[in-house]
Amino acid sequence: MYWKTGAIGAVMVLVSTPAIAQDDPLPPERPSRWAGSEVAVGVLYHGANFHPLAKRLIFDLPELPAGQIYEGSEEDGTADVQLVYRSAPLRFALKPRLTGKLQVNTAGRTSFASVGAEWRQHILRGRVYGQVGIGLTLHDGYRFTPDPFASGLPVDEARRRYDIYRKHTSFGSQVLFNPNASVGVRLNPRWAIEATWEHFSHRQVFSEQNPGIDNLGLRLVHTFGPHR
């Protein structure tokens, strides 16, 4: 009798142990190190001839005689693909997001790699936001394009230089500033669409040559974890 009672008690203990374990609360999940950060991909019109902070706005330029081109418009009308990373908002200086951008021209013209910071303000219960930023940029284009009209050039070299002169902008510096702005519409907590303006120039800090370039486009943005 006693051994039967002991066996029944042991079985009851073994059966009840998993049930007790299931009632214990699970330890809280550690927040992801990426929570609040963002990645984005965009398509931009390269050389959009638009600058909202100056006199230069969208307009049609008159035709020039054959062989001539407006300074700074050599790359207008091509397209860029842009990849963006943004950190979660930092907890100082109005909560900036650190940013890294790679903007690649699809027609073999100038591409840009930038680092900087962006500041965001939400409205309409977080469904819409405005954003401004500033960055520092390196590009793979020309500080000064080679002169195709120099005397004594072989024909082939003159033609090579002239092709560069027609298709590439002389930015006057390999280092440029990148003021930028965008307006975003949040589709859900993870996804948003942005309309963006990106400007590249150096304000004649590094040389007198400073045509600058403006780009307009759209970006699709993915947020990791809750958006902020």
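Points worth noting:
- 37 °C / 0.692 mPa s Stokes-Einstein diffusion coefficient of segment 99-228, Kirkwood radius on C-alpha pairs, µm²/s: 195
- The string of couplings for segment 187-200 from the Karplus curve (6.51, -1.76, 1.60, θ = phi - 60°) is 7, 6, x, 9, 10, 8, 10, 10, 9, 10, 10, 10, 10, 10 Hz, one whole number per residue in order, with x for Gly and Pro.
- Stretching the chain fully between residue 85 and residue 107 yields a gain of 5.6 nm (0.36 nm per residue, less the alpha carbon separation).
- Likely footprinting exposure, 222, 199, fewest C-beta neighbours within 10 Å first: 222, 199
Values quoted throughout were computed directly from the atomic coordinates according to the rules given, and no laboratory measurement underlies them. On a predicted model such as this, the values are computed, not experimentally measured, just so you know. Because the Cβ atoms are built from the backbone with ideal geometry, glycine has one as well, and the counts that use them run over all protein chains shown.
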